[in-house]
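Heads up: the structure comes next, in structure tokens.
The values are calculated or read from the model by the stated rules, or taken from the named source; none is laboratory data. Fair warning: this is a prediction, and the values are worked out from it, not measured in the lab. We place every Cβ from the backbone using ideal geometry, glycine too, and count neighbours over all the protein chains shown. Just the protein is used for accessible areas: all its heavy atoms, side chains included, with ligands, DNA and RNA removed. Shrake-Rupley method; radii C 1.70, N 1.55, O 1.52, S 1.80 Å.
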Amino acid sequence: MYKIVSKTSLAHKETLFEVEAPDIAAKAKAGQFVIVVPHEKGERVPLTICSYDVDKGTVSFAFHEVGKTTKQMGCLNEGDCLLNVTGPLGNPSEVEKFGKVLCVGGSIMIAPALLQVKAMKEAGNHVTTVLGCRSKDFLFMADEAKALSDKVYVASDDGSIGYKGLDFLKDLLKTEKFDRCVVLGPVVMMRDVSEITKPYGIPTIITVTPIMVDGMGMCGVCRVTVGGQMKFGCIDGPEFDGHQVDFDELVQRQRLMLPEERLSSMLWEMHKEHEGGCKCGRNKA
Amino acid sequence: MAETKPKPKIKKEAIEMPKQEPKVRVKNFNEVALGYSEEQALEEATRCLQCVKPQCVAGCPVEVPIPEFIKCIKEKKYAEGIATIKSKNALPAVCGRVCPQEEQCQVKCVLGKIGEPVSIGRLERYLADWERDHGFQLPENAKPTGKKVAVVGAGPAGLTAAADLIKLGHEVTMFEALHLPGGVLIYGIPEFRLPKAIVRNEVAYIQKLGVDLRLGNLVGRIHTIPELMKSGYDAVFIGSGAGLPQFMGLPGENLGGIYSANEFLIRVNLMKGYAFPEYDTPLRLGKHVVVIGGGNVAMDCARCSMRLGADVCLLYRRSREELPARQEEIENAEEEGLVCKFLAAPLKFTGDEKGWVKAMECQAMELGPPDASGRRRPVPIKGSEFTMEVDTVIIAIGQTPNPIIQRTTEGLVADPRRGTITVDENGKTSLEGVYAGGDVATGAATVISAMGMGKKAAKAMHEYLMSKK
Ligand SMILES: Cc1cc2nc3c(=O)[nH]c(=O)nc-3n(C[C@H](O)[C@H](O)[C@H](O)COP(=O)(O)OP(=O)(O)OC[C@H]3O[C@@H](n4cnc5c(N)ncnc54)[C@H](O)[C@@H]3O)c2cc1C
Ligand SMILES: Cc1cc2nc3c(=O)[nH]c(=O)nc-3n(C[C@H](O)[C@H](O)[C@H](O)COP(=O)(O)OP(=O)(O)OC[C@H]3O[C@@H](n4cnc5c(N)ncnc54)[C@H](O)[C@@H]3O)c2cc1C
Ligand code: FES
């Protein structure tokens, strides 16, 4: 059992959990993820590590309520327990002194992107951070980003805060030289950024989030095509060269279970209303 | 001259074990084979000749004292019978169900020369199930030795090594990467062949012996082997299995609806996808499923798919004679409605506009001269291409060892081609104090061979630990 020691609401349906897991905290590095099994009948959900505290023995991860499992997790509170948290999984990010680094975090992945910002700073890089969100109501951790980075830009899909869309990056790259770019966010955004950096030859590292089951190389559902070769997102990744990833296939493979996921989520919502509030998936320490 | 007593006539046929009817069982995930009643077990036990030099024992990789335990059944000393088995085999309820007895102990039974061999597996299962109904008897562990051992992987190899080491008085911690213990027994072999309650029970027994089981611990990421050795473990046993799925490298293999056998089985068994949406993990299965391969794994995938309501065709590139699956499993699957297509192999997959597989182009094969495995090699027939309409494909062409430990343990010698950890006959690896066994050392094999290696390694580790100051 893994106890939730704190729950923070980041934005509407976007939540951060800090969980007691001393062994994971001791080993976690930027770029790695955990797999959460909320309760006995639950799925295994991969979530990227946002921070870890070796002394307190905790790790944090943030999630966006998109389907049944993440909605169920949204109902949990401080003091509740998760059945299992496995990690750290995946390869840690390559962190060294590159020079000037551009870190782009989008949507819920802003939270783990800041761990990369922190690691890149600690390695002596000059870090420019871009926070992308749907609209101003979905922007979070902007102050943390400012404190950690040398420069921060904000962009939103609707232009309600900061730049509208990511086109401003094209202008930025005309005037500033970057040695490396790191992107975490929705696939479409990672693809767009990779296209923008490509003409400048900036090594661009993206974090793929394919569907996963075990997260340790046993099932192959996480396969992605990188430079024409089949790779497993969980053990070969999750970070890959954004100029080599087959994004169309990645998008398509993420949607494989969509009808089932919708059904599952709908049934759960109905059940929840029927029961008068959510009582599911709750484990006590 | 003393009168010779007339010898009791030996029944040539074994007592059949009751099974669920094919029409019924193909609609559920309950166990197919129902087990002997006491009467049936007693009758089958009387068939055993109690040979003085039992051949069956020589055929068993862990040398279970077979005639002795069968004698116990005859005398209705069931508790003694199960203790006799457990002196050599910590997982009898599992082995009684899934061991290929027809190739091991039973093939050596002298009764086989005049009729059917004694049903050793069924009798083993009878005693194990009897014990489950009557409660465990725990053996006494030896005096604590003060030595600490780490066991990596809670599959049959790890469970056996852990049980033996703790009985010898060592302190044992078992690290398992998944959120449930059992290895292939829990994630691979389906409920209808091996009920998960039985696996849980066997694991509970090993925990009751005192083994500290830590789930969700992927060794190599959370602790590496050298870190374990440094943090106070005196020896390590690696039983991390062969779970890395193989793909064919064909065009269209990443389309939706194309599963590795492991993905399919993990969704169905470990995550109970057959009970979706009560359980949260979905499994999308079409009406026309093709399983590619011909081993036990392929049979399990096919039989699960039929239970989920699909029409299933098995595509195998050699002929029926070469099918590597157990005869019993092939018969069971065919009774349940499996259609087999022999001498054909896929060439490529094509998909619909949503990226879901809709057709598979294949090529017919003929058998050429034998290859390295001794089986006749399939050779493509030119111009024989044909197309099958499919909406789900399960690729069951084999697994190779899980690679994470090999990648993260400096100095651990592994076979670069097969990915197996290199060991001597006692399971000793290239690193001092580090042993390995089971599928990670042999490549995909059997439950009992994994257990056999776990046992041997435990013995060698004990000697190593006791020789160290
Ligand atoms: C390595 C890795 C790291 C991840 N890190 C994070 C993270 O830090 N925070 C976070 O919120 N999410 C993260 N994800 C995605 C997260 O795992 C999924 O959103 C989650 O599994 C959804 O579960 P669900 O049951 O609630 O929704 P489901 O019912 O499974 O899915 C609902 C919707 O989400 C989509 N979806 C499903 N899986 C994914 C996926 N892997 N990526 C994108 N969309 C998906 C489906 O197409 C569907 O539209 C990560 C995924 C991976 C593989
Ligand atoms: C579908 C299927 C059906 C089969 N049917 C039969 C049958 O009928 N009869 C038979 O005799 N054999 C059968 N087999 C083969 C048999 O199951 C295996 O040979 C046997 O399970 C091997 O045991 P093992 O302990 O070596 O490995 P496994 O059972 O694979 O267990 C390895 C364990 O180690 C864990 N692990 C892996 N890496 C790590 C790590 N880094 N850290 C921590 N834990 C880790 C895994 O999660 C797993 O739980 C079948 C196999 C499959 C896949
Ligand atoms: S998630 Fe199963 S192999 Fe990557």
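When region B:223-242 is filtered for residues that are in a loop (DSSP other than H, G, I, E, B), in contact (Cβ under 8 Å) with a residue 40 or more places away in the chain and within 30 Å of A:Ser93 (Cα to Cα), the ones remaining, listed by number, are B:His223, B:Thr224, B:Gly232, B:Tyr233, B:Gly239, B:Ser240, B:Gly241, B:Ala242. Scanning region B:57-77 for residues that are open to solvent by less than 20 Å² (accessible area, probe 1.4 Å) and in a helix (DSSP H, G or I) gives B:Gly59, B:Ile66, B:Pro67, B:Phe69, B:Ile70, B:Cys72, B:Ile73.
Just a yes or no: is a residue in region B:358-373 under 30 Å from B:Ile85 (Cα atoms), in a strand (DSSP E or B) and open to solvent by less than 10 Å² (accessible area, probe 1.4 Å)? Within region B:358-373, none of the residues are under 30 Å from B:Ile85 (Cα atoms), in a strand (DSSP E or B) and open to solvent by less than 10 Å² (accessible area, probe 1.4 Å). Taking each residue of region A:62-78 that is closer than 16 Å to A:Leu267 by Cα and looking for partners that are open to solvent by 10 Å² or more (accessible area, probe 1.4 Å) and among the basic types (Lys, Arg) with beta-carbon atoms closer than 6 Å, six or more apart or interchain, yields A:Glu65/A:Lys13; A:Glu65/A:Lys71.
For region B:201-215, a residue qualifies if it is modelled with pLDDT of 95 or more and crowded, with 22+ Cβ neighbours inside 10 Å, and exactly one does: B:Val211. Meeting the requirement of 3 or more residues that are among the aliphatic types (A, V, I, L, M) and more than 22 Å from B:Gln246 (Cβ to Cβ), the helices (runs of 4 or more DSSP H) wholly within region B:400-469 are B:447-467. State all residues of region B:180-205 that are assigned to a helix (DSSP H, G or I), farther than 13 Å from B:Gly153 by Cβ and of a type in the set (Val, Ile, Thr); if no residue qualifies, say none. Of everything in region B:180-205, those that are assigned to a helix (DSSP H, G or I), farther than 13 Å from B:Gly153 by Cβ and of a type in the set (Val, Ile, Thr) turn out to be B:Ile198, B:Val199.
Report, by residue number, each residue of region A:206-238 that is among the acidic types (Asp, Glu) and either open to solvent by less than 10 Å² (accessible area, probe 1.4 Å) or touching an Asp or Glu at 6+ places or on another chain (Cβ under 6 Å) (or both).
Applying the first criterion (among the acidic types (Asp, Glu)) to region A:206-238 yields A:214, A:236.
Result: A:Asp214, single match.
A:Thr225 meets each of the listed conditions (1) out of contact with any Pro (no Cβ under 9 Å at 6 or more places or on another chain); (2) more than 14 Å from every other protein chain (Cβ to nearest Cβ); (3) at pLDDT 95 or above apart from (2).
Quick check: is even one residue across region B:187-197 more than 14 Å from every other protein chain (Cβ to nearest Cβ) and closer than 24 Å to B:His462 by Cα? The answer is no, given that none of the residues of region B:187-197 is more than 14 Å from every other protein chain (Cβ to nearest Cβ) and closer than 24 Å to B:His462 by Cα.
One residue stands out in region A:228-242 among those that are more than 10 Å from ligand 1 (Cβ to nearest atom) and under 22 Å from B:Leu244 (Cα atoms): the one that is farthest from the other protein chains (Cβ to nearest Cβ), namely A:Phe240. Every residue in region B:398-421 that is hydrophobic (A, V, I, L, M, F, W, C) and surrounded by fewer than 18 Cβ atoms within 10 Å (Cβ to Cβ), please. Scanning region B:398-421 gives a single hit, B:Val413. Counting just the residues of region A:13-46 that are in a strand (DSSP E or B) and open to solvent by 20 Å² or more (accessible area, probe 1.4 Å), which one comes out nearest to the other protein chains (Cβ to nearest Cβ)? Ranking the qualifying residues of region A:13-46, first place goes to A:Val45. Beta carbons closer than 6 Å, at least 6 apart along the sequence or on distinct chains, pair a first residue in region A:253-271 that is without any contact (Cβ under 8 Å) to a residue 12 or more places away in the chain with a second that is near ligand 1 (Cβ under 9 Å from one of its atoms) and not aromatic (Phe, Trp, Tyr) for A:Glu260/B:Pro282.
Check region B:399-409 and report whether any residue there is of a type in the set (D, E, K, R) and free of Cβ contacts under 8 Å to residues at least 60 places away in the same chain.
no
Based on this model, can you work out whether B:Thr400 counts as away from ligand 1 (no atom under 16 Å from the Cβ) and more than 14 Å from every other protein chain (Cβ to nearest Cβ)? When the stated conditions are applied, B:Thr400 does not pass them. Residues of region A:179-205 that are in a helix (DSSP H, G or I) and either of a type in the set (A, V, I, L, M) or open to solvent by less than 10 Å² (accessible area, probe 1.4 Å) (or both): A:Val187, A:Val188, A:Met189, A:Met190, A:Val193, A:Ser194, A:Ile196, A:Thr197. When residues in region A:48-63 are screened for being more than 10 Å from ligand 1 (Cβ to nearest atom), outside any loop (DSSP other than H, G, I, E, B) and within 14 Å of chain B (Cβ to nearest Cβ), 2 of them pass. Could you go through region A:243-252 and let me know if any residue there is more than 16 Å from ligand 2 (Cβ to nearest atom), more than 14 Å from chain B (Cβ to nearest Cβ) and assigned to a loop (DSSP other than H, G, I, E, B). Yes, the conditions are met somewhere in region A:243-252. Just so you know, in region B:221-241 the residues that are farther than 24 Å from A:Pro238 by Cβ and small (Gly, Ala, Ser) include one that is farthest from ligand 2 (Cβ to nearest atom), and it is B:Gly232. A:Leu82 meets the conditions (1) within 14 Å of chain B (Cβ to nearest Cβ); (2) open to solvent by 10 Å² or more (accessible area, probe 1.4 Å); (3) more than 16 Å from ligand 3 (Cβ to nearest atom) in every case but one. The failed one is (2). Residues in region A:85-102 that are surrounded by 22 or more Cβ atoms within 10 Å (Cβ to Cβ) and more than 11 Å from chain B (Cβ to nearest Cβ): A:Val101, A:Leu102. Regarding B:Ala14, is this residue closer than 22 Å to B:Gly115 by Cβ and surrounded by 12 or more Cβ atoms within 10 Å (Cβ to Cβ)? Judged against the criteria, B:Ala14 is a match.
Those strands (runs of 3 or more DSSP E) of region A:71-132 in which at least 1 residues are in contact with a Leu (Cβ under 7 Å, 6 or more places away or on another chain) and more than 16 Å from ligand 2 (Cβ to nearest atom), considering only elements entirely within it, cover A:100-106.
Of all residues in region B:434-455, none are open to solvent by 70 Å² or more (accessible area, probe 1.4 Å) and at pLDDT 95 or above.
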